[in-house]
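The values are calculated or read from the model by the stated rules, or taken from the named source; none is laboratory data. Bear in mind the structure is a predicted one, so any value in this text is a computation, not a measurement. Neighbour counts run over all protein chains shown; Cβ positions are idealised from the backbone, glycine included. Side chains are part of the model used for accessible areas, which takes the heavy atoms of the whole protein and leaves out ligands, DNA and RNA. Shrake-Rupley method; radii C 1.70, N 1.55, O 1.52, S 1.80 Å.
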Amino acid sequence: MDSIILWLLAASGVLSIFLFVARGLLDQLPEIIIAWRKVQRMYQNAARNVDDTTDPDA
């Protein structure tokens with residue numbers, strides 16, 4: 001009987017830690033997506049502004 005209670009306490013502890021970590025990751029997700037989109041826009045704008053001349057003196 002005591003071992004069942006200990007297993008239940010251990011499982012609930014592991015579950016609560018997992019939920020805490022998952023919530024922390026999900027809270028950061030919008031900021032990560034915004035930063036990724038900024039990086040994509042920066043590279044797209046840089047690719048559009050590249051000078052295609054091959055002559056270095058031009």
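Would you mind stating whether Gln28 is out of contact with any Asp or Glu (no Cβ under 8 Å at 6 or more places or on another chain) and modelled with pLDDT of 95 or more?
Criteria met by Gln28.
Condition first: under 11 Å from the mean Cα position of the chain (by Cα) and open to solvent by less than 100 Å² (accessible area, probe 1.4 Å). Now tell me which residues in segment 33-52 satisfy that.
Ile33, Ile34, Ala35, listed by residue number.
Residues in segment 12-23: is at least one of a type in the set (D, E, K, R), open to solvent by 100 Å² or more (accessible area, probe 1.4 Å) and at pLDDT below 95?
No, every residue in segment 12-23 fails to be of a type in the set (D, E, K, R), open to solvent by 100 Å² or more (accessible area, probe 1.4 Å) and at pLDDT below 95.
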